[in-house]
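Worksheet: one structure, shown below.
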Amino acid sequence: LAKTTQPISMDSYEGQEVNITCSHNNIATNDYITWYQQFPSQGPRFIIQGYKTKVTNEVASLFIPADRKSSTLSLPRVSLSDTAVYYCLVGGLGDDKIIFGKGTRLHILP
Amino acid sequence: GAVVSQHPSWVICKSGTSVKIECRSLDFQATTMFWYRQFPKQSLMLMATSNEGSKATYEQGVEKDKFLINHASLTLSTLTVTSAHPEDSSFYICSAIGRFNEQFFGPGTRLTVL
(Lines give C-alpha, C1' and ligand atoms only; values in the text may rest on other atoms or scores of the structure.)
Protein backbone atom coordinates (compact mmCIF):
# COMPACT_ATOMS: atom_id res chain seq x y z
CA LEU A 1 0.00 0.00 0.00
CA ALA A 2 1.44 3.33 -1.07
CA LYS A 3 2.21 5.72 1.75
CA THR A 4 1.14 9.32 1.39
CA THR A 5 2.60 12.52 2.79
CA GLN A 6 0.64 15.75 3.08
CA PRO A 7 1.13 19.02 4.92
CA ILE A 8 -0.29 18.75 8.42
CA SER A 9 -2.19 22.01 8.18
CA MET A 10 -2.89 24.96 5.92
CA ASP A 11 -4.57 28.31 6.34
CA SER A 12 -6.20 30.34 3.60
CA TYR A 13 -8.77 33.08 3.15
CA GLU A 14 -12.23 33.06 1.72
CA GLY A 15 -12.32 33.46 -2.04
CA GLN A 16 -8.79 32.16 -2.55
CA GLU A 17 -7.78 29.09 -4.50
CA VAL A 18 -6.26 26.42 -2.28
CA ASN A 19 -3.86 23.78 -3.51
CA ILE A 20 -2.99 20.81 -1.32
CA THR A 21 -0.18 18.59 -2.53
CA CYS A 22 0.25 14.96 -1.62
CA SER A 23 3.37 12.86 -2.15
CA HIS A 24 3.07 9.16 -2.95
CA ASN A 25 6.47 8.08 -4.20
CA ASN A 26 5.77 4.34 -4.24
CA ILE A 27 2.44 4.45 -6.03
CA ALA A 28 1.73 1.23 -7.94
CA THR A 29 0.72 0.95 -11.56
CA ASN A 30 -2.88 0.04 -10.77
CA ASP A 31 -3.32 2.58 -7.97
CA TYR A 32 -5.77 5.44 -8.20
CA ILE A 33 -5.55 8.67 -6.22
CA THR A 34 -8.60 9.68 -4.24
CA TRP A 35 -9.26 12.69 -2.06
CA TYR A 36 -11.74 12.81 0.79
CA GLN A 37 -13.03 15.63 2.96
CA GLN A 38 -13.97 15.13 6.59
CA PHE A 39 -15.81 17.48 8.92
CA PRO A 40 -15.71 16.93 12.70
CA SER A 41 -17.85 14.01 13.87
CA GLN A 42 -18.75 12.99 10.32
CA GLY A 43 -17.59 10.27 7.97
CA PRO A 44 -15.25 11.15 5.10
CA ARG A 45 -16.88 12.47 1.96
CA PHE A 46 -15.57 11.69 -1.52
CA ILE A 47 -14.24 14.71 -3.38
CA ILE A 48 -12.43 13.52 -6.48
CA GLN A 49 -10.50 10.62 -7.93
CA GLY A 50 -7.99 10.31 -10.73
CA TYR A 51 -5.32 8.16 -12.32
CA LYS A 52 -3.26 10.59 -14.37
CA THR A 53 -3.18 14.11 -15.83
CA LYS A 54 -6.12 16.26 -14.74
CA VAL A 55 -9.57 15.55 -13.44
CA THR A 56 -12.18 18.20 -12.72
CA ASN A 57 -15.61 18.04 -11.18
CA GLU A 58 -18.02 20.56 -9.75
CA VAL A 59 -16.12 21.03 -6.52
CA ALA A 60 -12.42 20.49 -7.24
CA SER A 61 -9.65 19.69 -9.66
CA LEU A 62 -6.98 17.05 -9.31
CA PHE A 63 -3.63 17.45 -11.00
CA ILE A 64 -1.40 14.41 -11.41
CA PRO A 65 2.02 14.71 -13.07
CA ALA A 66 3.29 12.13 -15.52
CA ASP A 67 5.34 10.23 -12.92
CA ARG A 68 2.29 10.04 -10.62
CA LYS A 69 4.50 10.38 -7.55
CA SER A 70 2.46 13.32 -6.32
CA SER A 71 -0.91 14.92 -6.81
CA THR A 72 -2.46 18.28 -6.09
CA LEU A 73 -6.02 18.91 -5.01
CA SER A 74 -7.19 22.34 -6.10
CA LEU A 75 -10.19 23.97 -4.43
CA PRO A 76 -11.32 27.11 -6.28
CA ARG A 77 -12.61 30.08 -4.34
CA VAL A 78 -12.86 28.48 -0.93
CA SER A 79 -15.40 29.50 1.67
CA LEU A 80 -15.55 29.12 5.44
CA SER A 81 -17.46 25.87 4.98
CA ASP A 82 -14.44 24.31 3.32
CA THR A 83 -12.69 24.22 6.68
CA ALA A 84 -12.11 20.48 7.16
CA VAL A 85 -9.52 17.75 7.06
CA TYR A 86 -8.55 16.57 3.58
CA TYR A 87 -7.15 13.10 3.03
CA CYS A 88 -5.18 11.92 0.02
CA LEU A 89 -5.48 8.18 -0.47
CA VAL A 90 -3.76 5.87 -2.91
CA GLY A 91 -4.91 2.39 -3.77
CA GLY A 92 -6.55 0.09 -6.24
CA LEU A 93 -10.26 0.12 -6.86
CA GLY A 94 -12.71 -2.40 -5.54
CA ASP A 95 -11.95 -4.47 -2.51
CA ASP A 96 -8.55 -3.01 -1.72
CA LYS A 97 -8.46 -1.67 1.80
CA ILE A 98 -7.58 1.98 2.20
CA ILE A 99 -5.07 3.17 4.76
CA PHE A 100 -5.57 6.75 5.82
CA GLY A 101 -2.63 9.07 6.31
CA LYS A 102 -2.69 11.99 8.71
CA GLY A 103 -4.51 14.32 6.32
CA THR A 104 -4.29 18.08 5.94
CA ARG A 105 -6.24 20.28 8.31
CA LEU A 106 -7.42 23.22 6.18
CA HIS A 107 -8.56 26.32 8.01
CA ILE A 108 -10.33 29.01 6.01
CA LEU A 109 -10.25 32.47 7.49
CA PRO A 110 -12.76 35.25 6.81
CA GLY B 1 -24.83 8.85 -4.84
CA ALA B 2 -24.88 5.70 -2.83
CA VAL B 3 -25.65 6.02 0.84
CA VAL B 4 -24.25 4.19 3.82
CA SER B 5 -25.99 4.56 7.15
CA GLN B 6 -24.90 3.74 10.67
CA HIS B 7 -26.98 3.12 13.74
CA PRO B 8 -26.86 4.43 16.34
CA SER B 9 -25.24 7.77 15.61
CA TRP B 10 -24.11 7.95 19.21
CA VAL B 11 -24.23 5.67 22.23
CA ILE B 12 -23.25 5.93 25.86
CA CYS B 13 -22.77 2.76 27.85
CA LYS B 14 -21.39 1.54 31.14
CA SER B 15 -18.04 -0.13 31.38
CA GLY B 16 -18.31 -3.89 30.94
CA THR B 17 -21.34 -3.86 28.67
CA SER B 18 -21.44 -4.70 24.97
CA VAL B 19 -22.49 -2.34 22.23
CA LYS B 20 -23.58 -3.21 18.68
CA ILE B 21 -23.15 -0.78 15.81
CA GLU B 22 -24.89 -1.37 12.49
CA CYS B 23 -23.66 -0.36 9.06
CA ARG B 24 -26.07 -0.53 6.15
CA SER B 25 -25.70 0.11 2.45
CA LEU B 26 -29.06 1.65 1.60
CA ASP B 27 -29.34 1.40 -2.16
CA PHE B 28 -26.67 -1.03 -3.21
CA GLN B 29 -25.25 -4.37 -2.21
CA ALA B 30 -21.83 -4.52 -0.65
CA THR B 31 -19.91 -7.76 -0.35
CA THR B 32 -17.11 -5.88 1.37
CA MET B 33 -17.35 -3.34 4.14
CA PHE B 34 -14.65 -1.80 6.28
CA TRP B 35 -14.63 -0.66 9.89
CA TYR B 36 -12.52 2.24 11.10
CA ARG B 37 -11.91 3.87 14.44
CA GLN B 38 -10.98 7.50 14.90
CA PHE B 39 -9.75 9.19 18.05
CA PRO B 40 -9.99 12.99 18.48
CA LYS B 41 -7.68 14.99 16.22
CA GLN B 42 -6.36 11.77 14.66
CA SER B 43 -6.83 10.04 11.35
CA LEU B 44 -9.04 7.05 10.66
CA MET B 45 -7.51 3.74 11.64
CA LEU B 46 -8.62 0.65 9.76
CA MET B 47 -9.79 -2.03 12.17
CA ALA B 48 -11.06 -4.80 9.93
CA THR B 49 -12.43 -5.83 6.58
CA SER B 50 -15.88 -7.35 6.70
CA ASN B 51 -16.75 -9.86 3.99
CA GLU B 52 -20.29 -11.09 3.42
CA GLY B 53 -20.63 -14.74 4.29
CA SER B 54 -17.14 -15.17 5.66
CA LYS B 55 -15.00 -14.21 8.61
CA ALA B 56 -13.73 -10.69 8.94
CA THR B 57 -10.07 -9.89 8.42
CA TYR B 58 -8.62 -7.90 11.29
CA GLU B 59 -5.72 -5.50 11.16
CA GLN B 60 -2.70 -6.13 13.30
CA GLY B 61 -3.29 -5.13 16.89
CA VAL B 62 -7.08 -5.27 16.72
CA GLU B 63 -8.56 -7.91 19.03
CA LYS B 64 -11.04 -10.00 17.09
CA ASP B 65 -12.66 -11.33 20.26
CA LYS B 66 -13.30 -7.82 21.50
CA PHE B 67 -14.53 -6.33 18.25
CA LEU B 68 -16.93 -8.86 16.77
CA ILE B 69 -17.87 -8.31 13.16
CA ASN B 70 -20.79 -9.99 11.43
CA HIS B 71 -21.57 -9.42 7.75
CA ALA B 72 -24.70 -11.55 7.50
CA SER B 73 -26.20 -9.94 4.40
CA LEU B 74 -25.15 -7.92 1.39
CA THR B 75 -26.45 -4.72 2.96
CA LEU B 76 -25.60 -5.08 6.64
CA SER B 77 -22.44 -5.40 8.68
CA THR B 78 -22.38 -5.12 12.46
CA LEU B 79 -19.58 -4.31 14.85
CA THR B 80 -20.03 -5.39 18.45
CA VAL B 81 -17.70 -3.93 21.04
CA THR B 82 -17.69 -6.52 23.79
CA SER B 83 -17.03 -5.69 27.44
CA ALA B 84 -16.45 -2.09 26.56
CA HIS B 85 -14.05 0.02 28.59
CA PRO B 86 -13.43 3.77 28.63
CA GLU B 87 -10.43 3.37 26.32
CA ASP B 88 -12.81 2.00 23.68
CA SER B 89 -14.54 5.37 23.54
CA SER B 90 -14.05 6.58 20.00
CA PHE B 91 -15.71 7.47 16.72
CA TYR B 92 -16.43 4.33 14.70
CA ILE B 93 -16.91 4.65 10.95
CA CYS B 94 -17.83 2.03 8.38
CA SER B 95 -17.51 2.09 4.63
CA ALA B 96 -18.83 -0.01 1.78
CA ILE B 97 -17.67 -0.71 -1.75
CA GLY B 98 -20.21 0.41 -4.34
CA ARG B 99 -21.15 -0.98 -7.73
CA PHE B 100 -18.38 0.87 -9.55
CA ASN B 101 -15.77 0.11 -6.92
CA GLU B 102 -16.12 3.46 -5.16
CA GLN B 103 -15.85 3.50 -1.38
CA PHE B 104 -18.70 5.18 0.50
CA PHE B 105 -18.41 6.07 4.15
CA GLY B 106 -21.07 6.06 6.81
CA PRO B 107 -21.71 9.07 9.06
CA GLY B 108 -20.00 7.48 12.02
CA THR B 109 -21.03 6.37 15.51
CA ARG B 110 -19.76 8.12 18.61
CA LEU B 111 -19.22 5.60 21.43
CA THR B 112 -18.69 6.84 24.96
CA VAL B 113 -17.97 4.29 27.66
CA LEU B 114 -18.41 5.50 31.21
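The values are calculated or read from the model by the stated rules, or taken from the named source; none is laboratory data. Quantities reported herein were computed from a predicted structural model and do not represent experimental measurements. Counting neighbours? That spans all protein chains shown, and the Cβs are built from the backbone with ideal geometry, glycine included. Calculation scope for accessible area: heavy atoms of the full protein, side chains included, ligands and nucleic acids excluded. Shrake-Rupley method; radii C 1.70, N 1.55, O 1.52, S 1.80 Å.
What Kirkwood Rh does chain A have if only Cα atoms enter the pairwise 1/r average? Answer in Å.
Taking the inverse mean of 1/r over all distinct Cα pairs, chain A comes out at 14.0 Å.
Our Cα-only numbers for chain B put the radius of gyration and Dmax at 13.2, 41 Å. Taken over the protein assembly as shown, the percentage of Cα pairs per 5 Å bin, counting from 0 up to the bin with the maximum distance, is 1, 7, 14, 18, 18, 16, 12, 8, 4, 1, 0. Distances between placed amide hydrogens fall under 5 Å for B:Ser89 paired with B:Val113, all partners being 5 or more residues away or on another chain.
The Cys residues in the protein assembly as shown with no partner Cys Cβ within less than 4.7 Å of their Cβ are B:Cys13. Other residues lying with their Cβ under 13 Å from the Cβ of A:Val78 contribute a combined charge of -3, Lys and Arg counting +1, Asp and Glu -1. Surface analysis of chain A yields an accessible area of 52 Å² per residue, using protein heavy atoms and a 1.4 Å probe. Note on the protein assembly as shown: lysine pairs with Cα distance below 17 Å, sequence gap of 8 or more or different chains, count 12. Largest first, the residues A:Met10, B:Met47 sort by 1.4 Å accessible area into A:Met10, B:Met47. Note on chain B: antiparallel DSSP beta bridges, both residues inside, total approximately 90 percent of the bridges counted. Mind checking which of B:Arg37, B:Arg99, B:Arg24 has the largest fluctuation in a GNM of chain B, springs on alpha carbons under 10 Å? Its mean-square fluctuation being the largest, the pick is B:Arg99.
For chain A, the relative contact order comes to 37 percent (Cα pairs under 8 Å, sequence separation of at least 6).
Among the chymotrypsin sites (Phe, Trp or Tyr not before Pro) within region B:32-114, those in coil by DSSP and having at most 10 neighbouring Cβ atoms inside 10 Å are B:Phe100.
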